[in-house]
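Inspection log for the structure reproduced underneath, given as structure tokens.
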Amino acid sequence: MKMNKLLACLLALWLNQAIAHGDEDHSGDAAKPAAAIASDKPQRLPDGSVFVPKDAQRRLAIRTVVGAEKTVPRTVELNGHVVMDPNAGGRVQAIQSGRIEPGPKGLPVAGMKVGKGQVLAYVVPAVSSVERANQRAELAELRVKAQQAERQLNRLRELTGTVSKKEVEAQAAELAALRQRAAALGTATGREALVAPVSGVIAAARVVNGQVVEARDVLFEIIDPARLMIEALAYDSKLVAGLADASLAGTKTPLAFVGGASAFRDGALPVLFRLKQGGDTPLALGQAVKVIAQTRDTVKGVPLPAASVVKNSANESIVWVHERAEVFRAVPVQVTALDGANVVATGVKPGVRVVTAGATLINQIR
């Protein structure tokens with residue numbers, strides 16, 4: 001009997017507690033995850049996607065594009081450097097060793113415009129005082145002999161009729177030879193004028209006033225900035241035969257394929273490209289560049305700006321897909337360069353919206 005009363009009391013107590021909490025709202029427990037997602041701050045969600053509110057998307061300048069699958073030329077990346085066009089540039093070298101003297105307009109410096117035939121500097125031959133004295137003495141002797149030969153020729157011409165024509169012609173030939181020898185010796189003892197072989201801009205000037213240079217030293221380099229060329233290196237003759245247009249890596253600068261060598265140089269085949277729009281991209285002679293060259297082979301994928309592709313924590317190439325209005329999801333892709341500023345991505349479905357601007361910022365959200 002006592003046991004039945006005790007059970008009845010416990011049952012009544014339990015019912016009272018249930019009734020007391022019957023009007024409470026327990027929906028908040030289920031709403032907690034939703035409240036976290038509905039926050040106004042960008043955050044990475046447990047499934048790996050990223051939540052970015054619309055206001056934050058505008059602040060981060062997020063831009064997307066609808067991906068469309070296309071068939072495009074396959075490309076290869078070649079290492080190269082900037083060279084001068086042999087028909088629009090040139091080098092000025094000393095023919096003999098000597099001392100540098102400025103030209104009529106002084107010594108040119110890098111960046112200065114010059115015209116074809118302009119005297120840039122003079123080279124005074126480097127000879128000892130004894131050699132110079134001997135040359136001057138020989139020159140004086142030749143000039144005296146030339147004067148004597150000229151007087152003798154005048155006398156023979158006055159004796160026309162008594163002196164044969166053959167003797168007059170022989171004397172005239174001797175006078176001409178003496179004059180030529182004197183002129184040649186005078187040039188040898190004088191200074192050498194260094195003239196510009198083409199019109200253009202001084203790319204390099206390696207002389208100062210009074211500097212002593214040796215024969216064959218390159219003293220000036222002249223280029224036309226609008227007609228620079230790119231020399232790249234290929235290691236497969238089949239690849240050279242299939243090259244087409246190209247562009248500089250990291251830029252939208254288009255290049256036209258000029259041709260490739262048929263003989264190896266240091267284990268590689270030099271390949272030449274020309275700037276299609278000369279002067280638009282600042283380049284320096286000898287500058288190292290990377291060339292994205294198109295081939296005759298094709299590849300199918302979704303063309304995207306190179307800025308769309310980023311690396312995840314596993315160092316995989318990914319793009320961010322705009323999955324929902326405020327949710328972005330990472331998609332692993334394989335990329336092939338299309339030109340200097342675009343790539344072809346395989347692994348992303350056509351028709352989805354891919355982030356083209358701000359992908360790096362989304363990738364940093366934690």
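No lab work stands behind these numbers, since they all come straight from the coordinates. Small disclaimer: the values here were computed from a predicted structure and weren't measured. Glycine gets a Cβ as well: all are built from the backbone with ideal geometry, and neighbour counts include every protein chain shown.
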Using the Karplus equation 6.51 cos²θ - 1.76 cosθ + 1.60 (θ = phi - 60°), what ³J(HN,Hα) coupling, rounded to whole Hz, does each residue of segment 141-150 give in order, writing x for Gly and Pro?
-> 5, 5, 5, 5, 4, 5, 5, 5, 5, 5
Which of Val195, Pro332, Val76, positive extreme of dipole for the chain (C-beta unit charges) = Val195
In µm²/s, what is D for the chain at 20 °C and 1.002 mPa s, where D = kT/(6 pi eta Rh) by Stokes-Einstein and Rh is the Kirkwood radius from Cα pairs?
-> 73 µm²/s
Rule-of-thumb check for segment 184-260: C-alpha Rg over 2.2 N^0.38 Å?
-> 1.75
Report, to the nearest 10°, how far helix 165-189 tilts away from the longest principal axis of the Cα atoms in the chain, using its own Cα long axis and a range of 0 to 90°.
-> 40 degrees
Looking only at aspartates and glutamates whose Cα falls under 20 Å of Lys276's and that sit 8 or more positions away or on another chain, we get Glu77, Asp85, Asp224, Glu231, Asp245, Asp339
What full-extension length gain, to one decimal in nm, is calculated for Lys311 and Gln152 as 0.36 nm per residue of separation minus the Cα-Cα distance?
-> 47.8 nm
For segment 253-310, just say rounded, prolate or oblate: build the C-alpha gyration tensor, square-root its eigenvalues into a ≥ b ≥ c, call rounded for a/c under 1.5, and beyond that prolate if a/b exceeds b/c, oblate if not.
-> oblate
Mind checking the dipole of segment 90-222: about its Cα centre, +1 per Lys or Arg Cβ, -1 per Asp or Glu Cβ, Debye to the nearest 20?
-> 260 debye
Given charges at beta-carbon only (K, R positive; D, E negative), |dipole| of the chain in Debye = 400 debye
Residue-averaged [θ]222 nm for the chain, counting only DSSP H segments that reach four residues, each worth -39500 (n - 2.57) = -9000 deg cm²/dmol
In what order do Leu156, Leu78 fall by count of nearby beta-carbon atoms within 10 Å, going from fewest to most?
-> Leu156, Leu78
Of Lys41/Lys70; Lys113/Lys252; Lys252/Lys300; Lys116/Lys252; Lys54/Lys311, those spanning more than 26 Å from alpha-carbon to alpha-carbon = Lys41/Lys70; Lys113/Lys252; Lys116/Lys252
Given Cβ charges of +1 for Lys and Arg and -1 for Asp and Glu, the option among Val52, Pro102, Val309 whose Cα lies farthest towards the positive end of the dipole of the chain is Pro102
The local net charge around Gly67, scoring Lys/Arg +1 and Asp/Glu -1 for residues other than Gly67 whose Cβ lies under 15 Å from its Cβ, equals +4
Where Rh is the Kirkwood radius over the Cα pairs of segment 90-222, the temperature 37 °C and the viscosity 0.692 mPa s, what D in µm²/s does Stokes-Einstein return?
-> 187 µm²/s
